[in-house]
1. So what's the gap between the Cα centers of the range 9-25 and the range 83-159, to the nearest angstrom?
2. Counting only protein heavy atoms and a 1.4 Å probe, tell me what percentage of the chain's accessible area is made up of carbon and sulfur.
3. Counting Lys and Arg as +1 and Asp and Glu as -1, each charge on the Cβ, what is the dipole of the chain about the Cα centre in debye, to the nearest 20?
4. What is the sum of charges around VAL175, taking Lys and Arg as +1, Asp and Glu as -1, for the other residues whose C-beta is under 11 Å from the C-beta of VAL175?
5. Using amide H atoms built 1.01 Å from N in the peptide plane, name the residues 5+ places from VAL161, or on other chains, whose amide H lies under 5 Å from its own.
6. For the chain, what size does the Cα cloud have along each of its three principal axes, sorted from largest down, in whole Å?
7. Can you give me the accessible area per residue for the chain, using a 1.4 Å probe, in Å²?
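The values are calculated or read from the model by the stated rules, or taken from the named source; none is laboratory data. Only a predicted model underlies this, so the values are computations on that prediction, with no experimental measurement involved. Ideal geometry is used to build each Cβ from the backbone, glycine not excepted, and the neighbour counts take in all protein chains shown. These area figures cover heavy atoms from the full protein model, side chains too; ligands, DNA and RNA do not enter into them. Shrake-Rupley method; radii C 1.70, N 1.55, O 1.52, S 1.80 Å.
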Amino acid sequence: MATLFLVCAVLGGSALLLQLAASLLGLEHGDVHLEHAAGAGLAGGLNLLSVRSLVAAVAFFGIGGRAALAAGLGTTPALLVALASGGVAAVAVAAAMRLLRNFDRDGVVRIERAIGQPARVHVRLPADRSRPGKVLLTLQDRLVEVPAVSLDGELPTGTEVTVVGLAAPDTLEVVRTPEPGD
């Protein structure tokens, strides 16, 4: 069993070092994912079957098992420690990669996605469109305040409206949302 732990620690550790070196040198092009073969959505969206997660699991399986044997534990407890170590490493790497993927999103609010969305007048919209008022709406899971002009005449604060277009790159065109039964 000690030989198995040593082989796993050396092979997994070497693969981890190669992955790190490739990352630092910019030679990587993402991680290979095996989730489609085994079913997506494992562990709440964590990709436990990625190459990085599997390599970390193998390395820490070996390290944990070897450390348990060195501490004087028997074969069965050492195997349990090795499995736990590998599992924790796989989950930790998968969680870290999920966080890093979230950084790829730019977070920029795309105002054109507001078209067709409901909103509420926050600052009165004048009838003559001489200057925009403001509306509040939820866009890309955020509450945003956006300049807007009315196509239905003056609209007071609190009026429910629907975004129908863009008057300018940063200004929405809105109409009063019909009341139910109108």
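1. Centre-to-centre (Cα) distance: 40 Å.
2. Numbers: 6950 of 10860 Å².
Carbon with sulfur: 64 percent of the solvent-accessible area.
3. Values: 14 positive and 16 negative charges, 126 e Å.
Here the chain has a charge dipole of around 600 debye.
4. On the way: positive: ARG176; negative: ASP152, GLU160, GLU173.
That works out to -2.
5. Here ALA119, ARG120, VAL121, THR177 satisfy the definition.
6. Principal-axis extents of the chain (Cα, largest first): 82, 39, 30 Å.
7. Numbers: 10860 Å² over 182 residues.
On a per-residue basis, the chain sits at 60 Å².
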